[in-house]
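Asks: Submitted below is the structure of interest, expressed as structure tokens.
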Amino acid sequence: MHNYKETLARGLRVGAFTAAFACAAAAGVAHAHGDVTPQAVDTSSLKQLGAEWQTVNPYRDNKEAIRIGDSAFNQNCARCHGLGAVSGGIAPDLRLLDLEPETDEYFIGRVRKGVTRNGAVYMPPFEGTLSQEAMWAIRAWLETVREK
Ligand code: HEC
């Protein structure tokens, strides 16, 4: 099962390159996604995490974090990863991410740094735009829609 999911995720990722290229070409290069303003996310009702980046989700199963993460995802991620995290094929289907701590670390790394290859931005970095509280809240919500 695990291997099957990995294969599926990889397949979707390959699809993502193609779609991102097509999109950048159609829009006339690198500003393809640059005109969408990222949305600030209010996480003041959550336990604040300080300056140190966590590597394991501190908000797993936290109801308030899940509520915030749901809306934060729709405002910042859904335009590429799909409403409700149901990917339309432009970006990987995040419902397939595993739950292990290593996946937490992978998740936060990707969201902080984004993905750039050969100068093309596949996914913008969110560090400086979203707080780590917001990023972990998104992860907490993603786990509630996870495809088992
Ligand atoms: C402009 C489109 C875009 C936006 C916005 C975007 N992503 Fe992505 N994301 C991508 C693409 C494309 C990839 C695949 C990158 C690659 O590896 O080639 C990706 C990959 C990822 C991955 C790695 C998935 C895997 O299976 O390896 C994670 C995690 C992720 N995104 C989370 C997020 C989150 C959370 C947000 C919102 C805060 C977000 N992304 C916003 C396009 C986007």
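The values are calculated or read from the model by the stated rules, or taken from the named source; none is laboratory data. From a predicted model like this one, the values you see are computed outputs, not experimental measurements. So basically every Cβ, Gly included, is an ideal-geometry build from the backbone, and we count neighbours across all protein chains shown.
Asks: Can you name the residue in segment 68-89 that is hydrophobic (A, V, I, L, M, F, W, C) and surrounded by fewer than 18 Cβ atoms within 10 Å (Cβ to Cβ) and is also nearest to residue 148 (Cα to Cα) among such residues?
Replies: 86
Asks: While we're on this one: Determine which single condition residue 1 fails, assuming it passes every other condition in (1) modelled with pLDDT of 95 or more; (2) farther than 27 Å from residue 120 by Cα.
Replies: Just one mismatch for residue 1, condition (1).
Asks: Can I ask one more? Scan the helices (runs of 4 or more DSSP H) fully inside segment 64-148 and keep the ones with 1 or more residues being within 12 Å of the ligand (Cβ to nearest atom) and within 22 Å of residue 50 (Cα to Cα).
Replies: So the answer is 101-113, 132-144.
Asks: Note down all Cβ pairs under 7 Å where the first residue falls in segment 106-128 and is without any contact (Cβ under 8 Å) to a residue 40 or more places away in the chain, the second is part of a strand (DSSP E or B) and surrounded by 17 or more Cβ atoms within 10 Å (Cβ to Cβ), and they're at least six residues apart or on different chains.
Replies: Pairs that qualify, where the first residue is without any contact (Cβ under 8 Å) to a residue 40 or more places away in the chain and the partner is part of a strand (DSSP E or B) and surrounded by 17 or more Cβ atoms within 10 Å (Cβ to Cβ), are 114/121; 114/123; 115/122; 115/123; 116/122.
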